[in-house]
Amino acid sequence: MSSEGPPAPPPPPSNEIVDITDKIAKPECFVLNADPKYPWENLFMGDDRLQLRSDTDEQLILHLVFSEAVKVHSLNLVAPEMEAAPATVKLYLNKTSFSFDDAENIEPTQVLELTEEDYKAEKVTLLKFVKFQRVSSLTIFVENNNGADYTALSMLRLFGTPLQGTDVSKIQKQPAQG
Amino acid sequence: MPLETTIICVDNSEWTRNGDYIPTRFEAQHDAVNLVTGAKTQQNPESTVGVLTMAGRGVELLVSPTDDIGKLLSCLHSVRMGGRVDMAGAVQVAQLALKHRRNKNGSQRVVVFVCSPVEADAKTLVKVGKQLKKNGIAVDVVSLGEIEENQEKLQEFVEATNSNSNSHLVSIPAGFLPSDVLVTSPIIHGGEEGSEGAGMGAGAGGGGAGFGGTSGLGDFGGVDAQSDPALAMALRVSYEEERARQEAAAKAAAATEGENEGEAKGMAMETEAGASSSGTAAAAAASMGGEVDEEEEALLKQALAMSMADSGSSSSLENKGKTAASGTGSGETAGAGQGEGAPMDMEDEDAAYQLALKMSMEEEGGGAGGGIYGCDHGHGSRGRSIVGCPRSAHIRGSGVCDEPAGLVGRSRS
């Protein structure tokens, strides 16, 4: 599947793998079953004490919308405590609406079984790159964790390539300059 | 107010034909739904509202979430009453409708009107409630008609859904106009302002206290606590200061009075006259007297008997002259402002003693400020606390008002 994909750090010449976390259009994203005291925006603060936590049970849905279509190559999740770290994570692509019912009924694009190794800050978890070639929204469904009542995450980073020529803001800038 | 998508679940079961709300439960509910749709769509230009019916041939979505107020107002006219309510199913349909809303950011809310006995068991409701909570949906429940029967289940349902106190249960006893009660409830003006209202209303129960505060101050020139909280607060502060001052004065007067027996004798007679229209006041007079002296007690008992006879023969109006002199207002007694404001021009100790009696009555009769915002019928805090108060205990005490029409009229004024 990912035989075409080169090893993680050296990217293919045309498509450089970069941090695409800033391509997330935050106003359109939402999270389900989050504790109001621990909102999902905390994931991008880069501080262990600022977390995203689940509320009623350990499940969590994080729906991320990108401002332009991207290729997603890998991701990095950081959890403050191993007990509350997600174990089974399902990824869904390009869903407009998503709830916990859908999580049961829809076939995920990829299922990740995350171990302690994956939660190290420097470690990236590779995805099936060929399946993530045109991603406008990515839904991360945390199905269960390592035993705690709630799931906690402190950081999320996504790596990949913005699809060229689709960045609307750049197109608008050019006539302004010229 | 934040952007919000709301689904209103309307009860159109056979129970809504009941005429205990004016004109019928369904019409009263219709009125309340119009109020909620109007409020929700105006709170934010992008807020949308949808309506579904819970009974009839099954749950039916009349209008999917829209900001078209015309559609929302007209959709209920064609609804037919019939069948039974499937509350759990309705809430799940509402959840589905919310899932496919147009504007994905912003919160989601389901407002459920319940006018018939809830058939679903508490367990199912709690399960549905948890599901709603998980999907980030808040719930407001308006209970009409079968209040006591449903109270427990609905309370559990709301508590299961509640997150960050975003869900509320409002019970509206028969005789009140639902839209009148809702307008000051947290369902219309959001949870945050509800707590502010509670602070102002000096008592328990967010919505109920807010309502009490509004109508109480309304007597001083129709100030609406919601539209002008600063002014209402200022009024309230000065009001309480004045009250404290009067209380102190009354205490002093009562102390001097206690020393003088002969005076107390005359006093008892005055008391009787003043309180003639409310037997309770006379009873308090008797209890007060008991502390002072035996002889006095006998006199007071006599006075009590006289007062009973007076009110029994409804001759209280004849005593009006005396009554006015002792500062209690007319035969109607003890309304919000009257008893409080009048003692300003009290001239003698008699009036002071009268006031002290009233104060002690109020303190006994219903916690802080209870008496102040009582309804006009002299049963003080009991009448007040039911209005919009989600606590079952308060509702149970709601045998309340013999003259609901009068109350409704008052809350409108």
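The values are calculated or read from the model by the stated rules, or taken from the named source; none is laboratory data. It should be emphasised that the depicted structure is a prediction, and the values quoted were computed from it without experimental measurement. Cβ placement follows ideal geometry from the backbone for every residue including glycine, while neighbour counts extend to all protein chains displayed. Just so you know, the surface numbers come from the protein's heavy atoms only, side chains and all, with ligands and any DNA or RNA stripped out. Shrake-Rupley method; radii C 1.70, N 1.55, O 1.52, S 1.80 Å.
Please state which of the following conditions A:HIS63 fails to meet, knowing it meets all the rest: (1) away from every other protein chain (no Cβ under 14 Å); (2) assigned to a strand (DSSP E or B); (3) of a type outside the set (Val, Ile, Thr).
Exception for A:HIS63: condition (1).
Restricting to region A:148-178, count the residues that are modelled with pLDDT of 60 or more and part of a loop (DSSP other than H, G, I, E, B).
Within region A:148-178, residues that are modelled with pLDDT of 60 or more and part of a loop (DSSP other than H, G, I, E, B) number 7.
Name the residues in region A:13-38 that are open to solvent by 50 Å² or more (accessible area, probe 1.4 Å), over 12 Å from the mean Cα position of the chain (by Cα) and more than 8 Å from every other protein chain (Cβ to nearest Cβ), would you?
Scanning region A:13-38 gives A:PRO13, A:SER14, A:GLU16, A:VAL18, A:LYS26, A:LYS37, A:TYR38.
In this structure, is A:GLU107 away from chain B (no Cβ under 14 Å) and among the acidic types (Asp, Glu)?
Yes.
Please determine, by comparing only the residues of region A:41-53 that are touching a Lys or Arg at 6+ places or on another chain (Cβ under 9 Å) and either part of a strand (DSSP E or B) or aromatic (Phe, Trp, Tyr) (or both), which one is surrounded by the fewest Cβ atoms within 10 Å (Cβ to Cβ).
A:PHE44
Over 20 Å from A:LEU127 (Cβ atoms), within 12 Å of chain B (Cβ to nearest Cβ) and open to solvent by 10 Å² or more (accessible area, probe 1.4 Å) - does that describe any residue in region A:69-89?
Looking only at region A:69-89, we keep the residues that are over 20 Å from A:LEU127 (Cβ atoms), and these are A:80-84.
Going one step further and asking which of them are within 12 Å of chain B (Cβ to nearest Cβ), we end up with none.
No, every residue in region A:69-89 fails to be over 20 Å from A:LEU127 (Cβ atoms), within 12 Å of chain B (Cβ to nearest Cβ) and open to solvent by 10 Å² or more (accessible area, probe 1.4 Å).
Can you confirm whether A:GLU68 is acidic (Asp, Glu) and part of a strand (DSSP E or B)?
yes
Determine the pairs where a residue that is touching a residue at least 60 places away in the same chain (Cβ under 8 Å), located within region A:112-133, has a partner that is in a loop (DSSP other than H, G, I, E, B) and charged (D, E, K, R) with Cβ atoms under 9 Å apart, the partner being 6 or more residues away or on another chain.
Pairs that qualify, where the first residue is touching a residue at least 60 places away in the same chain (Cβ under 8 Å) and the partner is in a loop (DSSP other than H, G, I, E, B) and charged (D, E, K, R), are A:PHE129/A:GLU4; A:VAL130/A:GLU4.
Looking only at region B:99-123, filter to residues that are away from every other protein chain (no Cβ under 14 Å) and part of a loop (DSSP other than H, G, I, E, B); which one of those is nearest to the chain's Cα centre (by Cα)?
Checked region B:99-123; the qualifying residue nearest to the chain's Cα centre (by Cα) is B:CYS115.
Could you tell me whether B:ALA55 is in contact with a Ser or Thr (Cβ under 8 Å, 6 or more places away or on another chain) and at pLDDT below 95?
When the stated conditions are applied, B:ALA55 passes them.
Answer yes or no as to whether B:VAL126 is surrounded by 15 or more Cβ atoms within 10 Å (Cβ to Cβ) and within 14 Å of chain A (Cβ to nearest Cβ).
yes
Does B:GLY82 satisfy the criteria of being on the phi > 0 side of the Ramachandran plot and more than 10 Å from chain A (Cβ to nearest Cβ)?
Numbers: on the phi > 0 side of the Ramachandran plot: yes; more than 10 Å from chain A (Cβ to nearest Cβ): yes.
Yes.
What residue, of B:ALA55, B:ALA94, is part of a loop (DSSP other than H, G, I, E, B) and open to solvent by less than 50 Å² (accessible area, probe 1.4 Å)?
B:ALA55
Just to be sure, is B:ALA90 within 14 Å of another protein chain (Cβ to nearest Cβ) and under 19 Å from B:SER13 (Cα atoms)?
Answer is no for this residue.
If you check B:ASP140, B:ASP121, which single one turns out to be crowded, with 24+ Cβ neighbours inside 10 Å, charged (D, E, K, R) and modelled with pLDDT of 90 or more?
Just a single option satisfies the conditions, and that option is B:ASP140.
Looking at B:ASN135, B:ASN164, B:ASN150, which one is at positive phi and among the polar types (S, T, N, Q)?
Result of the check over B:ASN135, B:ASN164, B:ASN150: B:ASN164.
Table: residues versus (1) β-branched (Val, Ile, Thr); (2) closer than 18 Å to A:TRP40 by Cβ.
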| residue | (1), (2) |
| --- | --- |
| A:ASP118 | no, no |
| A:SER137 | no, yes |
| A:ILE140 | yes, yes |
| A:ASN146 | no, no |
| A:TYR150 | no, yes |
| A:LEU153 | no, yes |
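Just to verify a result, which residue in region A:90-107, among those that are of a type outside the set (A, V, I, L, M, F, W, C) and in a loop (DSSP other than H, G, I, E, B), is surrounded by the fewest Cβ atoms within 10 Å (Cβ to Cβ)?
Applying the first criterion (of a type outside the set (A, V, I, L, M, F, W, C)) to region A:90-107 yields A:90, A:92, A:94-97, A:99, A:101-102, A:104-105, A:107.
Imposing the further condition that a residue be in a loop (DSSP other than H, G, I, E, B) reduces the set to A:94-97, A:99, A:107.
Values: A:ASN94: 13, A:LYS95: 15, A:THR96: 10, A:SER97: 13, A:SER99: 22, A:GLU107: 7.
Among them, the one singled out is A:GLU107.
Residues of region B:143-193 being hydrophobic (A, V, I, L, M, F, W, C) and open to solvent by 40 Å² or more (accessible area, probe 1.4 Å), which ones?
B:ALA174, B:VAL183
Just one of B:SER163, B:SER143 is within 14 Å of chain A (Cβ to nearest Cβ), free of Cβ contacts under 8 Å to residues at least 60 places away in the same chain and not in a helix (DSSP H, G or I); which is it?
Result of the check over B:SER163, B:SER143: B:SER163.
If I filter region B:39-51 for residues that are assigned to a helix (DSSP H, G or I) and aliphatic (A, V, I, L, M), do I get at least one hit?
Taking every residue of region B:39-51 in turn, at least one turns out to be assigned to a helix (DSSP H, G or I) and aliphatic (A, V, I, L, M).
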